[in-house]
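Report on the structure given below.
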């Protein structure tokens with residue numbers, strides 16, 4: 001036989017060669033030193049790849065940003081959503097069988113009665129007392145550790161407080177539990193972050209009377225269960241989903257930017273861009289892209305500010321080192337995205353405004369990352385408002401110089417916050 | 001072997017009184033032994049199972065053991081899946097969430113009676129497709145390990161690594177960066193223990209094309225040698 005192709009050699013070594021071909025290749029390899037050397041060369045490169053996986057990918061790729069979710073809890077949720085339609089289908093099958101014979105009508109109606117009663121009982125038993133509270137627009141669900149699955153995964157790394165609020169407390173009355181701490185609240189933030197529910201989604205977090213209250217406004221049911229699953233491992237937690245009409249005032253924070261006292265539309269600025277882009281349609285498309293990115297940038301600015309508000313200096317000091325690290329990782333991720341988005345907006349805007357000069361960033365020197373975050377938020381909001389004016393979403397006066405000065409201020413604030421978000 | 005052990009022994013274990021100490025007993029030895037032979041519904045794991053199995057066992061019904069099996073599989077495989085998603089260009093939070101969803105989906109499919117012979121190949125295939133969809137929705141994505149070279153060059157390294165190793169790894173890193181997307185994915189999935197037809201299914205190409213990509217990738221990595 002002639003020398004096998006390189007591909008055949010590799011397939012042979014990987015055991016992927018058809019059984020009809022393999023013996024011939026094996027026999028050839030036994031006979032041919034040259035091919036054996038060739039195969040060894042392949043193997044050397046494969047070995048290097050394996051070492052690369054072990055010493056580079058496994059060591060240097062970033063670790064998961066948050067503790068892994070409680071998979072058992074997710075399975076329970078999945079079981080619940082799988083179980084219900086299945087039971088319904090079974091009833092339907094059983095009933096359709098009965099309906100064939102007219103004499104069995106009585107039996108059918110009796111069975112239906114039993115089924116409905118069972119369903120009602122089941123529905124009631126599934127609702128906690130709080131859910132039965134006479135509030136028609138509210139659906140409330142309380143998660144106490146005693147309700148958690150007993151075969152809980154080993155405690156989530158890094159974040160459990162020394163007292164171990166996550167320790168199973170079979171049948172222990174709720175009053176004996178330690179009150180929710182800032183660390184627990186941080187876990188809520190991390191859990192929400194993991195399902196992306198900390199980016200402008202109307203989910204509010206508050207801590208009072210030793211419990212943490214998470215309120216989601218106008219969130220669709222599928223999303224609700226994802227959020228519930230993510231929060232399942234956290235003790236002392238009340239999760240509540242309400243309809244937006246009940247709390248219109250609370251959503252103000254998530255509303256579109258307020259228009260400033262209008263003078264005249266930024267016509268000159270827009271015409272400049274319109275000339276550059278060539279058509280009205282291109283301008284619309286372009287400005288929509290800018291608004292989309294601007295919204296994404298603001299969601300990060302809100303997220304960072306929220307962390308700063310919920311974890312002021314003295315609260316942060318009560319966290320232990322891994323918890324502070326977790327808080328820092330959260331911040332850093334938001335900051336990285338904010339930086340990327342704002343750079344992208346600036347670069348895109350710059351591309352249609354040739355010849356505009358960009359002032360150097362002046363870096364403020366705030367005392368803490370919390371103070372830096374607030375300043376950062378204000379700078380981001382200023383840019384957002386200016387973009388809205390510049391691209392015609394709200395009235396006002398705008399020049400490219402002013403816009404780019406604001407970009408420079410934002411950049412300075414990003415850098416200042418980042419400096420205060422360096423690892424300890 | 002593990003299967004037999006589980007079905008016959010688990011109800012007994014359930015009788016143990018479970019105390020606050022979660023690490024009170026470990027099945028490490030049993031699992032290591034089992035890993036050498038057939039391993040439940042999965043292909044033989046390629047890497048040693050180092051995770052301790054701890055926790056309380058409920059009744060011995062099959063639903064509970066499926067759940068435990070998937071949970072255990074999740075614990076031993078999630079980091080590999082997460083890292084693979086990072087190499088596809090997902091940001092860490094999205095990669096972690098996607099990894100979790102993949103295992104949830106595995107559980108649901110198994111629960112609905114789907115026959116999945118090789119769990120590992122299945123989760124990587126689903127993670128691959130899910131990852132690419134997620135990446136398409138992201139405004140931007142991370143190019144394959146942008147700062148890896150920098151970190152490799154810095155003092156941060158495994159104590160086991162000699163300076164010589166580091167040079168070699170940097171070379172391989174540059175080589176892998178230079179591969180086409182499909183070649184790189186083939187290499188990464190092969191490194192995760194998938195066979196050619198399984199890789200082909202994940203990437204939507206034939207097994208023989210996988211072989212061709214792998215050969216080209218390896219030839220190219222070899223050329224990078226000084």
Considering (1) away from chain A (no Cβ under 12 Å); (2) at pLDDT 50 or above; (3) buried (at least 18 other Cβ atoms within 10 Å of the Cβ); (4) over 17 Å from residue B:189 (Cβ atoms), say which one residue B:71 fails and leave the rest. (1)
Conditions (1) more than 9 Å from chain A (Cβ to nearest Cβ); (2) at pLDDT below 95 -> residue B:169 fails only (1)
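Conditions (1) more than 11 Å from chain A (Cβ to nearest Cβ); (2) modelled with pLDDT of 90 or more, marked per residue:
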| position | (1), (2) |
| --- | --- |
| B:110 | no, yes |
| B:126 | yes, yes |
| B:149 | no, no |
| B:165 | no, no |
Pick out the one residue from B:87, B:61, B:77 that is farther than 13 Å from residue A:72 by Cβ, more than 9 Å from every other protein chain (Cβ to nearest Cβ) and modelled with pLDDT of 55 or more. B:77
Would you please list the contacts, defined by Cβ atoms under 6 Å and residues six or more apart or on different chains, that run from a residue in region A:66-79 that is without any contact (Cβ under 8 Å) to a residue 24 or more places away in the chain and more than 7 Å from chain B (Cβ to nearest Cβ) to a residue that is part of a loop (DSSP other than H, G, I, E, B) and crowded, with 18+ Cβ neighbours inside 10 Å? none
Answer yes if at least one residue in region A:369-392 is more than 21 Å from residue A:202 (Cβ to Cβ) and not in a helix (DSSP H, G or I), and no otherwise. yes
Could you check residue A:360 against (1) within 31 Å of the chain's Cα centre (by Cα); (2) in contact (Cβ under 8 Å) with a residue 40 or more places away in the chain and say which number it fails? (1)
Those residues of region A:402-422 which are surrounded by fewer than 20 Cβ atoms within 10 Å (Cβ to Cβ), under 18 Å from residue A:367 (Cα atoms) and more than 25 Å from the chain's Cα centre (by Cα) amount to A:412
Return the total of residues in region B:191-220 being buried (at least 17 other Cβ atoms within 10 Å of the Cβ), under 15 Å from residue B:121 (Cα atoms), touching a helix residue (DSSP H, G or I) at 6+ places or on another chain (Cβ under 6 Å) and at the interface with another protein chain (Cβ under 8 Å from one of its Cβ atoms). 2
Subset of region A:302-330 [buried (at least 22 other Cβ atoms within 10 Å of the Cβ), farther than 17 Å from residue A:419 by Cβ and away from chain B (no Cβ under 14 Å)]: A:311, A:323
Give the residue, chosen from A:353, A:319, A:307, that is at pLDDT 85 or above, at negative phi and not in a helix (DSSP H, G or I). A:319
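If we keep just the residues of region B:176-190 that are more than 9 Å from chain A (Cβ to nearest Cβ) and either assigned to a helix (DSSP H, G or I) or touching a residue at least 60 places away in the same chain (Cβ under 8 Å) (or both), which is nearest to residue A:56 (Cα to Cα)?
Within region B:176-190, the match that is nearest to residue A:56 (Cα to Cα) is B:177.
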Unique residue being over 26 Å from residue A:287 (Cα atoms), within 14 Å of chain B (Cβ to nearest Cβ) and at pLDDT 85 or above when the list is A:370, A:333, A:340: A:333
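The values are calculated or read from the model by the stated rules, or taken from the named source; none is laboratory data. If you're wondering where the values come from, they're calculated on a predicted model, not measured in any experiment. Note that we place each Cβ from the backbone using ideal geometry, even for glycine, and neighbour counts take in every protein chain shown.
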